[in-house]
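The values are calculated or read from the model by the stated rules, or taken from the named source; none is laboratory data. These numbers come from a predicted model, not from an experiment. Cβ placement follows ideal geometry from the backbone for every residue including glycine, while neighbour counts extend to all protein chains displayed. Ligands, DNA and RNA are stripped out before the accessible areas are found, and what is left, the full protein with its side chains, is counted by its heavy atoms. Shrake-Rupley method; radii C 1.70, N 1.55, O 1.52, S 1.80 Å.
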Amino acid sequence: IGHEGRFLEANQALCDFLGANIAEVLRNGWRHYVHPEDLADDEANVLRLARGDYEHYRRERRYLRADGQTIYGDVSLIAVRGQAPAENYVIAQVIDITARTLAEQARRASEARYRLLAENASDVVARVDADGAISWVSPSVVHMLGWQPGDVSGRPLSTFLVDETAEPKPLTEGSAERSHVATRIRCADGSHKWVEVT
């Protein structure tokens with residue numbers, strides 16, 4: 001990238017990432033492809049780089065392909081100083097992290113939906129780790145069993161089972177067996193409740 005903000009050279013990998021041919025990439029310059037919401041921050045960092053405030057920086061950035069699709073890149077910039085300002089340029093390397101970023105966004109959205117449902121459900125929802133410890137429990141545990149979530153999280157599920165060694169018996173409807181089981185759970189006040197567990 002030259003001091004005027006245009007690409008001096010570009011390889012095929014960058015062109016493929018941006019969905020444009022080399023002539024378009026060289027003509028348009030880097031600003032054309034940075035997502036508008038990230039442009040001001042990018043321009044400020046490139047200015048600091050050109051000014052000599054630092055020699056390199058690395059950021060994860062959104063870009064717009066030629067077809068308008070938002071993509072994600074891990075960009076590293078390093079300044080190369082010439083004898084005159086016009087001889088300064090920047091070497092940029094962009095790694096395509098679109099698939100990873102979209103997968104992470106989908107995971108976070110799924111977790112947020114699950115948490116929203118769990119936190120607003122009247123039933124108690126809990127996540128139990130492979131070692132049998134409760135790693136998370138919904139706030140409804142207060143109303144149903146009298147426990148505070150902090151009193152429950154991190155403790156073995158067996159702590160709250162009245163019949164720890166008993167095998168829960170499957171509930172049946174006529175001749176059809178359901179996947180629910182009935183067991184007794186300890187309440188905070190020392191009493192117990194029969195609950196269905198799925």
Among the residues of segment 113-136, write down those that are open to solvent by less than 60 Å² (accessible area, probe 1.4 Å) and either over 24 Å from I185 (Cβ atoms) or modelled with pLDDT of 75 or more (or both). V124, V125, A126, G132, A133, I134, S135, W136
For segment 3-30, which positions are loosely packed, with under 14 Cβ neighbours inside 10 Å and assigned to a helix (DSSP H, G or I)? Q12, A13, D16, A23, R27
A careful count of residues in segment 89-103 that are within 15 Å of W30 (Cβ to Cβ) and not polar (S, T, N, Q) gives 5
For segment 31-46, give me the residue count where each residue is open to solvent by 30 Å² or more (accessible area, probe 1.4 Å) and among the charged types (D, E, K, R). 4
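Look through segment 47-76, keep the residues that are among the hydrophobic types (A, V, I, L, M, F, W, C) and open to solvent by 30 Å² or more (accessible area, probe 1.4 Å), and return whichever of them is nearest to the chain's Cα centre (by Cα).
Here the residue is L64.
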Note on G29: of the conditions (1) modelled with pLDDT of 90 or more; (2) in contact with an Asp or Glu (Cβ under 9 Å, 6 or more places away or on another chain), unmet is (1)
Return a yes/no flag: does segment 88-103 have any residue that is at pLDDT 75 or above, more than 30 Å from L47 (Cβ to Cβ), of a type in the set (K, R) and open to solvent by 50 Å² or more (accessible area, probe 1.4 Å). no
For Q148: the one exception among (1) open to solvent by 60 Å² or more (accessible area, probe 1.4 Å); (2) polar (S, T, N, Q); (3) modelled with pLDDT under 85: (3)
